[in-house]
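What follows is a single structure, written as structure tokens, with notes after it.
Read-outs: derived from the displayed coordinates by stated rules, not from any lab. These figures come from a predicted structure and were not determined experimentally. All Cβ positions, glycine included, derive from the backbone under ideal geometry; neighbour counts span all protein chains shown.
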Amino acid sequence: MSHHRALDYDYPKIRFFIQEQEMIEYVLIDQIQEAFDQFNRYLYSTLTTTIKDNQTNDEYLIRLFNELHDHVDLFEQMNEQFLDFLQFQIDWTKQSKAVLDAFSHFQITVISSNIKHAERYLSFLFTLFTVPENSIHDFAHDTLQRLMFTVPLASTLLCPIAERYFPFMTKDKHIQVLYVENLLRSLNYLPIERLKFFEIILTKLLRMDVHASRQDILRTEERHVENEMVFTLEQSDDRMKHEQADKLDWLMFILFEYITKVSHKDVQTNGVITQRFPEYF
């Protein structure tokens, strides 16, 4: 059978609604894969460019993700670069809840059909923890919770990914704070990961502590005091002037605040149980 006759088979079709000079109503997933494998990038490039051009078009994206959702079996042989493109080349902070929900539904279905895609999508969700946008955090947590419920086996990847995407200690303090806050927030629906996530956070804090020696902190504070004496108009604050020490203070405060809340909640719960069933205590 010739190569050209192979393309005549009735493969499942996905409508990408590519709007160029000519309307391409249907694109075969197999043709996209073939074009990419043979380094003929025209069709693939046209597809990705059109998606990026339409990333502010809710109707287009929702229809695209719904179509992909209905044909997730085709991703068994499809180049995974396309999934990476969807996750990292679209500005998700500008998407509506309807678009985010459609994308989440599609991705969870892809992972359900083939768990090899779980690591990619979990990595994507954990990178969203450092994005300064609350709506994106809500999306990440809602999706992560549904994914763990739908594909429990994916939970084995949580700790390695959580550690891998923990911001390096040289990153901005606000990025560090956002990540730790979201990591702790995930424990509301991932309580079984509490000890492991605590271990990850504490390990990172210890590394920061090593790079914030007492001598360095004292020297930094002394220099700041001397500068304040020269520039008396500057308002002083209680923050640590040593960068690593300041980050460490913030992260320790967030961690201890979480522990206090959880402990208080546990005490209240145990108190209610004791009052209702005193014969067991």
Subject >> Cα centroid separation, region 118-134 to region 152-178 (Å) >> reply: 9 Å
Original post:
Hey, got the dipole for region 92-168? About the Cα centre, +1 on K and R Cβ, -1 on D and E Cβ, debye to the nearest 20?
Top reply: 180 debye
**OP:** Using a/c under 1.5 as the rounded threshold, could you call region 134-195 rounded, prolate or oblate? The axes a ≥ b ≥ c are square roots of the C-alpha gyration tensor eigenvalues, and prolate needs a/b larger than b/c, oblate otherwise.
**Re:** prolate
